[in-house]
Structures are given as structure tokens and as C-alpha cells.
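Notes for the one structure printed next.
The values are calculated or read from the model by the stated rules, or taken from the named source; none is laboratory data. Because the structure is a prediction, the values reported are computed rather than measured. Heads up, the Cβs are rebuilt from the backbone with ideal geometry, glycines too, and the neighbour counts pull from every protein chain shown.
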Amino acid sequence: MSIYTLVYVSKASANAFGVSPMHEIENMLVLAREKNAACGITGVLLFTEGRFVQALEGPREIVHKTFDRIALDPRHDEIDVLSSQLADRPRFKEWWMAFVGDKPALRERFADSPLATLGRRQTGDALLDFMLDVARSPEDVY
């Protein structure tokens, strides 16, 4: 069975999170994990320097519906799909939605990653491998 994977980047909108962005993101994660578990979506969400990078994987139709809902969320601006592809196996099967938040160590890892130039489309496998590597770092994942 093929797994569909979509990766997007977005900028957090100016009024998205008020004074406590991490509190709002934690609330988003609770809901996302519940919805993802119910419909069979897995993935990882990175948040650094006011940008989200998220990988969603699962059945193509459900991934697209999930992404369409995210694209309408007013907390996201400048949404761009970086990669969409079929895979033989899920990369993020351990997480309904892993989360890696904004920390100096994450910013350092971004500097040399396929995400360093977010304005360009990235190669799917390199991008997904980087995100998986970050998600597997126990010091970073929530």
C-alpha cells in the first residue's frame, strides 16, 4: 500500500498566537493528534523563527482534506507546498503528530538542512529524511 506524504511551510500570522505562542501550539497539537489518530494521519510539525514546517502522511484524500483545512486556518500565512509524493512506507508512523519547537539547537540544524532555503522547492526525500531525523531527536520532540 502506498502512503502519500505532503510537506508544507507557512508563516505564523501576526495575530495568530497572542502572548503565548507555545500554549496555543500545544492546544493545536492536542486537537491535531486526536483528529489524526481518528483518520490515520501521521507526521511531524516543526516551528522555528515564526515558521511552521509540517509533514503529513497517510491516505492521499485524507492528507489533502487535512491540508485544505490547515490552509484555511487564519493562523497560517504564506502557505507553500514544498513536497508531495508517494512512498512505500510511512516515515512518521510513531507519531500522530510529533512536534519540535523553536530552540537554538533547532535553528542551528536548520542552517545546514534542506530547509535552509525555504523559498525554493526542496527534494522530497532529503526534506523528509531531515524532518525524520529531527523528530527522532529525544531532546527536541514534544
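Just name the residue that is nearest to the chain's Cα centre (by Cα) out of those in segment 17-69 that are of a type in the set (S, T, N, Q) and within 21 Å of residue 137 (Cα to Cα). Reasoning before the result, please.
The first filter runs over segment 17-69 and keeps only residues of a type in the set (S, T, N, Q), leaving 20, 27, 36, 42, 48, 54, 66.
Applying the additional criterion that residues be within 21 Å of residue 137 (Cα to Cα) yields 42, 48, 54.
Details: 42: 10, 48: 11, 54: 1 Å.
Restricting to residues being of a type in the set (S, T, N, Q) and within 21 Å of residue 137 (Cα to Cα), the top hit is 54.
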Here the qualifying pairs (Cβ atoms under 6 Å; residues six or more apart or on different chains; first in segment 1-30 and closer than 24 Å to residue 82 by Cα; second modelled with pLDDT under 75 and of a type in the set (A, V, I, L, M)) come out as 7/127; 9/118
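Can you pull out the residues in segment 4-53 that are of a type in the set (Asp, Glu), out of contact with any Lys or Arg (no Cβ under 7 Å at 6 or more places or on another chain) and exposed (fewer than 15 other Cβ atoms within 10 Å of the Cβ)? If you could, list the steps in order and put the result at the bottom.
Quick first cut of segment 4-53, residues of a type in the set (Asp, Glu) only: 24, 26, 34, 49.
Subset that is out of contact with any Lys or Arg (no Cβ under 7 Å at 6 or more places or on another chain): 24, 26, 34.
Residues satisfying the conditions are 26, 34.
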All but one of (1) under 14 Å from residue 81 (Cα atoms); (2) out of contact with any helix residue (DSSP H, G or I) (no Cβ under 7 Å at 6 or more places or on another chain) hold for residue 55, so report the exception by its number. (2)
